[in-house]
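Here the structure comes first, spelled out in structure tokens, and everything after it is commentary.
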Amino acid sequence: MGKGFFEVPVAVNEPVKSYAPGSAERKEVSETYNKMYNSTVEVSLYINGKDIKTGDTGTMSPPHDHKHVLGTYHKAEKKHVEEAISTALEARKKWSVMPWEQRAAIFLRAAELLAGPYRAKINAATMLAQSKTIHQAEIDAACELIDFLRFNVQFMTEIYAEQPESTSDAWNRLEYRPLEGFIYAITPFNFTAIAANLPASAAMLGNVVVWKPSDSQIYSAKVIMDVFKEAGVPAGVINVVMGDPVMITDTLLASPDFSGIHFTGSTHVFKDIWQKIGTNIHNYKTYPRIVGETGGKDFIVAHKTSNPKQVATAIARGAFEFQGQKCSAASRCYISKSIWKDVEKYLKEDVASFKIGSPEDMSNFITAVIHEGSFDKLASYIDQAKKDSDAEIIAGGNYDKSKGYFIEPTVIKTNNAKYSTMCTELFGPVVTIYVFEDDAWEETLHLVDETSEYALTGAVFSEDRYALETAVKILENAAGNFYINDKPTGAVVGQQPFGGARASGTNDKAGSKLNLYRWLSPRMVKETFVSPTNYRYPFLG
Ligand code: NAD
């Protein structure tokens, strides 16, 4: 603290704009989308505040229009990754001792830039790069990212204020130091907000970062970096490398100065990374922090007393928004027999009414899945379900990749509670339903708990308080974010800290203080005002 006990502005959630027909924000984002669609960009590596072009490039295309080229990005070689490490360590000398209010001001400024001048741009980039509808882009790229920045600044000051007791003769001061070394932030394609938050939350606390975005999110990652630059993040504090994920990861994990990983992505990639960290453990100067939020196989369980229309709506939104490509998306549903007919009717009506196409047409509810690999995987599970005797496709089931990677929202019904699509994370617009006997509530809850390796999100519906209480108990470890009479998606920063355990991650709750503690290494300073001069205690006589 420099020359005052400063208070930051109280964080409030950024209001979600409606983008209703005729609104000014809809016009602005449409115009920005068209402008970006009709021009091309070249995305460089960003190391030590400089754009680096390597000449080895990849192309970027919208998933809903994959023959169209949005631009190119440059891929790193090993030497660039090593340069990112050394530049980060050099930047650390000044950044780690920068007064906190200066760091806070930079990230609060980034939030305001996103809320105002960059809002249409970050949303249009997310619509183009990741095929989000305008609503999905707004709640992610604009609002959630603004919330992460504002709330984390506030949480940072709350942590700094947490101090031990002192006495009149000794003053105890806890200093929340950044980690010694650099942090590796490695991010998934599906949330622009997560992509920005993983490097930003660590950097905000005085750490330096090497960030590797997903190949499928580089177009919106570029806008994030433009915002960080304009907000005043100094050169070398956040460095961006793109390209071969294995080479980049191996190079960063081989450094003795590697001090932590902030990862979000799939479970198997995180487990491989953890193993590599273990192999390198004797080389590191400090025990690295390992934070990873990974996959999910998220459930909805509906008791016989639940409202069928509410359950159907939760499935329609929870399973299909953003094409089911949310780690929290409902993908396995357990519905009590006596309400199933009604749930089925409403769900089929909803799915039949979904409009599918480009996010440019804002009346579309569903757009494309992220890339051909994802499309092919989803198509193969759908084809298999058409063949299997224990599965039946009751809605959707078609797909077409001629223009974009479009998978029709698909509902599979199975009489096999362990059918493959009840257990495996597919990460697309496919949900599987299992109908259980009305009197098998407890048995079904145990089934939910034991069916998947994951424990990210889950929802239970019932009007019976005893049934809810039983579910809360039996499913205690089945989800890190547990919903009662609500869909399992849509966590809001500051309201529902997010993360799961088991194979879903280290449950360090992004968007809360719990996450920020992982990027700090406290130093306890005890200052004694008048030091003793005689070693003998009174009991010695
Ligand atoms: P992904 O695992 O394919 O990629 C994540 C990142 O890891 C990317 O930057 C990618 O380039 C990199 N990567 C890929 N293979 C690698 C390797 N062998 N070594 C090192 N790095 C590698 O995940 P994705 O497809 O981008 O995102 C979807 C996954 O992320 C899903 O499993 C989803 O559940 C999960 N996710 C979880 C959360 C959460 O909070 N729990 C949030 C969002 C996404």
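No lab work stands behind these numbers, since they all come straight from the coordinates. All of these numbers come straight from a predicted model, not from anything done at the bench. For neighbour counting, all protein chains shown are included, and Cβ atoms are generated from backbone atoms with ideal geometry for every residue, glycine included.
Ignoring solvent entirely, what values of log10 I(q)/I(0) come out of the Debye formula for the stretch 396-541 at 0.14, 0.18, 0.19, 0.21 Å⁻¹ when each Cα is a single scatterer?
-0.86, -1.20, -1.27, -1.39
Ranked from highest to lowest mean number of other Cβ atoms within 10 Å per residue, what is the order of the peptides 215-228, 9-22, 291-304, 480-493?
Result, highest mean first: 291-304, 215-228, 480-493, 9-22.
Quick one: putting +1 on the C-beta of Lys and Arg, -1 on the C-beta of Asp and Glu, what dipole do you get for the stretch 310-384 around its Cα centre, in Debye to the nearest 20?
400 debye
Place a +1 charge on the Cβ of each Lys and Arg in the stretch 298-484 and a -1 charge on the Cβ of each Asp and Glu, then give the dipole magnitude about the Cα centre in debye, rounded to the nearest 20.
420 debye
Please grab the % of Cα pairs in the stretch 460-541 that end up more than 22 Å from each other.
Of the Cα pairs, 54 percent sit more than 22 Å apart.
Quick one: Cα convex hull volume of the stretch 261-309, Å³ per residue?
110 Å³
Nearest 20 debye, what's the magnitude of the dipole of the chain about its Cα centre given +1 on Lys and Arg Cβ and -1 on Asp and Glu Cβ?
I would put it at about 1140 debye.
Test of understanding: what is the full-extension gain from Glu175 to Lys27, defined as 0.36 nm times their sequence separation minus their Cα-Cα distance?
Answer, rounded to one decimal: 48.4 nm.
Treat the count of other C-beta atoms within 10 Å as a stand-in for reagent exposure and order Thr59, Thr133 from fewest to most.
Thr59, Thr133
Which FRET efficiency, nearest 0.05, do Ile393 and Glu7 yield, Cβ-Cβ r, R0 41 Å?
About 0.15, to the nearest 0.05.
Give me D for the chain in µm² s⁻¹, whole number, from Stokes-Einstein with Rh from the Kirkwood sum over alpha-carbon pairs, 10 °C and 1.306 mPa s.
The calculation lands on 65 µm²/s.
Where a Cα-Cα gap under 18 Å defines reach, which aspartates and glutamates qualify for Lys413, not counting those fewer than 8 residues away within the same chain?
Asp298, Asp342, Glu344, Glu349, Asp350, Asp383, Asp388, Asp390, Glu392, Glu425, Glu437, Asp438
Under 19 Å from a label point 7 Å along Cα→Cβ of Ile159: give me every residue in the stretch 494-519 with its amide N that close.
Of the residues in the stretch 494-519, 494-500, 506-519 have backbone N under 19 Å from the label point off Ile159.
Taking R0 as 41 Å, what FRET efficiency do you get between Val246 and Ser531 from their Cβ-Cβ distance, rounded to the nearest 0.05?
0.15
Go through the stretch 78-86 residue by residue and turn each phi into a ³J(HN,Hα) via Karplus (6.51, -1.76, 1.60, θ = phi - 60°); whole Hz please, and just put x for glycine and proline.
These are the phi-based 3J(HN,Hα) values: 4, 5, 5, 5, 5, 5, 4, 5, 5 Hz.
Please state, to two decimals, what the Cα-based radius of gyration of the stretch 298-484 comes to when divided by 2.2 N^0.38 Å (N = residues).
Taking the Cα Rg and dividing by 2.2 N^0.38 Å, one obtains 0.99.
So what is the 222 nm mean residue ellipticity for the chain from helices alone, if each DSSP H run of at least 4 adds -39500 (n - 2.57) and you divide by all residues, rounding to the nearest 500 deg cm²/dmol?
Taken over the chain, the calculation gives -12000 deg cm²/dmol.
For the stretch 165-256, state which GluC sites (Glu not before Pro) are in a DSSP loop and have at most 14 other beta carbons lying within 10 Å of their beta carbon.
Loop-located and lightly packed - Glu165, Glu180.
For the pairs Lys35/Lys229; Lys75/Lys132; Lys355/Lys401; Lys297/Lys341; Lys17/Lys509; Lys79/Lys271, note any where the Cα-Cα span goes beyond 20 Å.
Lys35/Lys229; Lys75/Lys132; Lys297/Lys341; Lys17/Lys509; Lys79/Lys271
Cα gyration tensor of the stretch 34-95, axes a ≥ b ≥ c as square roots of the eigenvalues: rounded (a/c below 1.5), prolate (a/b > b/c) or oblate?
Prolate is the answer for the stretch 34-95, as a/c is 1.5 or above and a/b outweighs b/c.
For each pair in Lys27/Lys513; Lys94/Lys285; Lys67/Lys345, compute the distance between the two Cα atoms and list the pairs where it is over 26 Å.
Correct reply: Lys27/Lys513; Lys67/Lys345.
Distance in nm between label sites at Glu101 and Asn34, each 7 Å beyond Cα in the beta-carbon direction?
Placing both labels 7 Å beyond Cα along the Cβ direction yields 4.7 nm.
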